[in-house]
Every structure is written in C-alpha cells, then in structure tokens.
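Participant: This is the structure I want to talk about, given as structure tokens.
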Amino acid sequence: ANFELLNLQLMKKFSIEIKWAFIGIIIFLAWMTLEKELGFHDEKIKWQPLFNLLYIFPTFLVYYLALREKKIKFYQQNMNWKQGLISAIVISFIIVFFSPITQFITHEFISPNFLDNTINYSVSRKKLTLAEAKEYTTLTSSIWKNISDGLSFGVVIGAIVAYLLKTKTTLSKTS
C-alpha cells in the first residue's frame, strides 16, 4: 500500500514531465516522418545529418513549453534553475526510456529502408567498407545513438531553458 501511494505521489509530482515527454516522442516520430517524406532517408540521404540538426528547434520548444508549464502550474511562478533542470532531466530520461520503441517504429514502419540506404551511401562514398557499414549501421546502434543524443541534448537544452525560465530575483538596496 505504501509503494502504491509513493507511485501515485511521484506520478502526480512528475505528471507535467510525463505529458511533455510523450509530446516530445510524438514530435520525434513526426520529424522522422517528415525527413522520410522529404527524401532525406533515400535520394537526399547525404543531407540527412544536416537536416536532422534542425530538430534542435522543436526539441527546444518542447522543453521550453514543458518547463514553463512546470513553473506556472507546479511552482506557482517561482522556479529556480535547479528545479527546472531536474524537470528537464526527468523529461530526458522518460524520452530515452522509450527510445528503443521509437527507433523500432522509425526503422520498421516509418522508414524501413533507411538503414540499408545509409549503409549503401557510406559504402558508395568510400567512407566505410560494406562490412564496417553493416556492423556500424544497425537498429541497435541507432537506439544507442538516440539514447546518447536524447540525454546529452535533453540535459543541455533543459539547462539552458531552465536558466531562461528561472524566477528572476531582485536585490533590494539597503541604505
């Protein structure tokens, strides 16, 4: 009974982070669909890494909206940097926890030829041998890259957003 109560308290405390993590996951899948539809997973594959950098803008927006909501609804407009950072880290960990599922959906349903196209492109540009490309470009490596990127970008962007949204305190001059 105590464990269930603790779980309910944690769910309530982090409900905003859970909501925004799932919004972030949906946006990621939408971005992968956009990349695929615009040809960055096949004929424009050489530009995919560059186009993928633009994903930082929707990521920043998700963290901004999430931390703004946390500041307003949970902290009653009085959130410090550490509180915002903890919130961002929670969002990052939730997104990363679901990374294997999002990568599976991406590579099995949204863009089933993306890994093969990446292998072929790497070999055609003589960046890797076929054996190296097949070893490096797998669903497992995509999952680990996504986990690494999710944590690093999530925490860094979250730290920046937390700094921007922290409650500003004014020092009063005493005479």
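The values are calculated or read from the model by the stated rules, or taken from the named source; none is laboratory data. Predicted model, so just to flag it, every value in this text is computed and none were measured. Cβ placement follows ideal geometry from the backbone for every residue including glycine, while neighbour counts extend to all protein chains displayed. The area values use the complete protein model at the heavy-atom level, side chains included, leaving out ligands, DNA and RNA. Shrake-Rupley method; radii C 1.70, N 1.55, O 1.52, S 1.80 Å.
Participant: Could you give the accessible area per residue of the chain, probe 1.4 Å, as a whole number in Å²?
Facilitator: So the chain comes to 65 Å² accessible per residue, rounded to a whole number.
Participant: Over the range 1-70, what is the mean sequence separation of C-alpha contacts under 8 Å (at least six apart), divided by residue count, expressed as relative contact order in percent?
Facilitator: Reported relative contact order: 39 percent.
Participant: Here's something else I'd like to know. Checking a compactness column here: for the chain, what do you get for Rg(Cα) / (2.2 N^0.38 Å), N being the number of residues?
Facilitator: Compactness ratio reported: 1.27.
Participant: A further question follows. Report K44's accessible area, 1.4 Å probe, all protein chains in place, as a number in Å² to the nearest 10.
Facilitator: The accessible area comes out at roughly 90 Å².
Participant: From the residues F51, Y75, P100, which one has its Cα farthest along the dipole of the chain in the positive direction, the dipole being from +1 and -1 charges on Cβ of Lys/Arg and Asp/Glu about the Cα centre?
Facilitator: Toward the positive end, the furthest listed residue is Y75.
Participant: Compute the relative contact order of the chain as a whole-number percentage, counting only Cα pairs closer than 8 Å that sit 6 or more residues apart in sequence.
Facilitator: 32 percent
Participant: Would you mind checking the tilt of helix 15-37 against the longest principal axis of the Cα atoms of the chain, expressed as 0 to 90 degrees and rounded to 10?
Facilitator: Approximately 30 degrees, to the nearest ten.
Participant: Which one, I157, P112, A131, projects farthest toward the positive side of the charge dipole computed for the chain from Cβ point charges (K/R +1, D/E -1)?
Facilitator: Highest projection toward the positive end goes to I157.
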